[in-house]
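The structure appears below as structure tokens.
The values are calculated or read from the model by the stated rules, or taken from the named source; none is laboratory data. In this text, all values refer to a predicted model and were calculated from it rather than measured experimentally. Here the Cβ positions follow ideal geometry from the backbone for every residue, glycine too, while neighbour counts run over all protein chains shown.
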Amino acid sequence: MIRAALILCAALSLSACQVAKQPPATEMEKQAVLAALAESTAGWNSGNLDRFIGVYSEDPQASYVTTEGLLRGRKALAGRYSTKYDFANPATRGALSLETLDFRLLDAEHALYIGRYTLAYPDGKMASGPTSLVLQKEAGGWKIIADHSS
């Protein structure tokens with residue numbers, strides 16, 4: 001009987017150790033958001049507009065704040081990017097990178113990402129600024145529902 005109890009205790013301890021090795025949900029969600037943003041960045045850097053905006057929700061209420069005002073919907077966002085940037089020309093598009101400054105889950109389906117974007121151009125010029133993104137967990141993964149980049 002004592003031996004059975006010891007075996008049960010050892011098994012429970014081993015099981016608890018396995019659970020403890022798993023990253024917390026927040027870290028797992030953060031990694032999923034960062035992966036989605038990395039995929040979008042890779043789209044920008046390869047000159048693929050569809051891949052770049054793939055991280056944006058298709059919800060028509062999704063918003064993007066620009067210096068010209070508020071845009072709603074992925075179609076309007078795609079139109080702005082296609083007219084403002086020449087995706088076929090890396091010299092005028094620049095190479096995009098993101099630096100994470102803050103990340104937090106707002107609830108089980110929403111996250112806030114705050115970072116700094118940088119566009120590096122072949123001639124040595126740079127453009128950089130803050131970005132705050134609200135993402136929503138959708139069937140296709142984490143998608144941006146609000147973007148304010150300046």
Exercise for the section: Within the range 111-133, work out how many residues are assigned to a strand (DSSP E or B) and over 15 Å from ALA32 (Cβ atoms). Expected result: 14
Handout entry: Matching residues, the range 102-150, being among the polar types (S, T, N, Q) and over 18 Å from SER63 (Cα atoms)
Key = THR118, SER128
Problem - Subset of the range 91-109 (residues that are surrounded by 15 or more Cβ atoms within 10 Å (Cβ to Cβ) and either hydroxyl-bearing (Ser, Thr, Tyr) or at negative phi (or both)) - result: ARG93, LEU96, SER97, LEU98, PHE103, LEU105
Exercise for the section: Test SER46 against the criterion of being among the polar types (S, T, N, Q) and more than 12 Å from the chain's Cα centre (by Cα), and give yes or no. Expected result: yes
Practice task
State yes or no: is LEU49 of a type in the set (A, V, I, L, M, F, W, C), touching a strand residue (DSSP E or B) at 6+ places or on another chain (Cβ under 8 Å) and within 25 Å of MET126 (Cβ to Cβ)?
Solution key: no
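Among the residues of the range 10-50, count how many are part of a loop (DSSP other than H, G, I, E, B) and at pLDDT below 75.
Total meeting the criteria: 2.
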Exercise for the section: Name every residue in the range 96-110 that is part of a strand (DSSP E or B) and not hydroxyl-bearing (Ser, Thr, Tyr), in order of residue number. Expected result: LEU96, LEU98, GLU99, LEU101, ASP102, PHE103, ARG104, LEU105, LEU106, ASP107, HIS110
Practice task
Could you check, for the range 51-58, whether at least one of its residues is assigned to a strand (DSSP E or B) and either acidic (Asp, Glu) or surrounded by fewer than 16 Cβ atoms within 10 Å (Cβ to Cβ) (or both)?
Solution key: no
Problem - Filter result for TYR113 (closer than 18 Å to LYS30 by Cα, out of contact with any helix residue (DSSP H, G or I) (no Cβ under 7 Å at 6 or more places or on another chain) and surrounded by 12 or more Cβ atoms within 10 Å (Cβ to Cβ)) - result: no
Practice task
Check the range 69-89 and report whether any residue there is under 17 Å from the mean Cα position of the chain (by Cα), surrounded by fewer than 17 Cβ atoms within 10 Å (Cβ to Cβ) and part of a loop (DSSP other than H, G, I, E, B).
Solution key: no
Practice task
For ALA139, state whether it is in contact (Cβ under 8 Å) with a residue 24 or more places away in the chain, closer than 27 Å to GLU29 by Cα, loosely packed, with under 12 Cβ neighbours inside 10 Å and aliphatic (A, V, I, L, M).
Solution key: no
